[in-house]
Amino acid sequence: MTLAELDLTGDLARPSRLTVSDLLGRPQHRVRVSFECATSGVQRHDFSGPLLYDVLSAAGPDFDPARRKDRLRFLIAVTGADGHHTLLSWAEIDPDFGHAPVLLGVSIDGTPLDLAGPQLVLPQDRCGARHVSGITEIRVDGAYGARRPAPATPGRASAAAP
């Protein structure tokens, strides 16, 4: 029996590989979620798991303390085993800003997700499109905007630098 694992990668001081057992060792939160699914109608589930914010904060995002509000430029990319991807901004989950209670669900309706892997749970979303099952990777990215546009040539639009 192989337990599912997820990789925390990107702009982190402590990237890591986590299992559901690792996530169970963190403070657990419970949430009842109701969302509309385009294919099967309204879904209702009870999830438990740690807050995404707590898990990522423990991994040490590479915020620059010299840059004012540096954490606002960070994106969080979540990938599932089925190839489903979604993005969140750090500001969505940060208690100083959106403070969304986004969970890494380790159980659904009382059933452990040891083999299937954790699920991204966004209780505030009416639609379940950002719900990701069987998370395989969470990437924290603060450098996505590092490219600067090339100067515009008169009469032409600027192009991204190579």
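The values are calculated or read from the model by the stated rules, or taken from the named source; none is laboratory data. Owing to the predicted nature of the structure, the values given are computational and were not obtained by experimental measurement. Because the Cβ atoms are built from the backbone with ideal geometry, glycine has one as well, and the counts that use them run over all protein chains shown. Remember, those area values only see protein heavy atoms, side chains included, never the ligands or the DNA or RNA. Shrake-Rupley method; radii C 1.70, N 1.55, O 1.52, S 1.80 Å.
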Next on the checklist: Less than 12 Å Cβ to Cβ from Gly110, Lys/Arg counted +1 and Asp/Glu -1: what total charge do the surrounding residues give?
Outcome noted: -1
Checklist outcome for this item: In the neighbourhood of Val42 defined by beta carbon distances under 11 Å, the net charge of the other residues (Lys, Arg +1; Asp, Glu -1) is +1
Checklist entry - Residue by residue, what Karplus-based ³J(HN,Hα) values in Hz, rounded to whole numbers, does segment 9-26 have, using 6.51, -1.76 and 1.60 with θ = phi - 60° and x for Gly and Pro? => result 10, x, 7, 10, 5, 10, x, 7, 10, 10, 10, 4, 4, 4, 5, 5, x, 9
Item to check | Calculated from backbone phi, Karplus (6.51, -1.76, 1.60) coupling profile of segment 98-114 in Hz, x at Gly/Pro | outcome: x, 6, 5, x, 6, 9, 9, x, 10, 8, 10, 6, x, 9, x, 10, 3
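Ignoring ligands, DNA and RNA, what percent of the 1.4 Å accessible area of the chain is carbon and sulfur?
Summing carbon and sulfur atoms, their accessible area is 53 percent of the total for the chain.
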Checklist outcome for this item: The answer for the net charge of residues other than Ala59 whose Cβ lies under 14 angstrom from its Cβ, with Lys and Arg +1 and Asp and Glu -1, is -2
Checklist entry - Averaged per residue, what accessible area in Å² does the chain show with a 1.4 Å probe, protein chains only? => result 57 Å²
Next on the checklist: If each DSSP helix of 4+ residues adds -39,500 (n - 2.57) and the sum is divided by the residues in the chain, what number results at 222 nm, nearest 500 deg cm²/dmol?
Outcome noted: -2000 deg cm²/dmol
Next on the checklist: Please list 3J(HN,Hα) in residue order for segment 124-131, calculated via the Karplus relation 6.51 cos²θ - 1.76 cosθ + 1.60 where θ = phi - 60°; whole Hz, with x for glycine and proline.
Outcome noted: 7, 7, 6, 9, x, 5, 8, 6
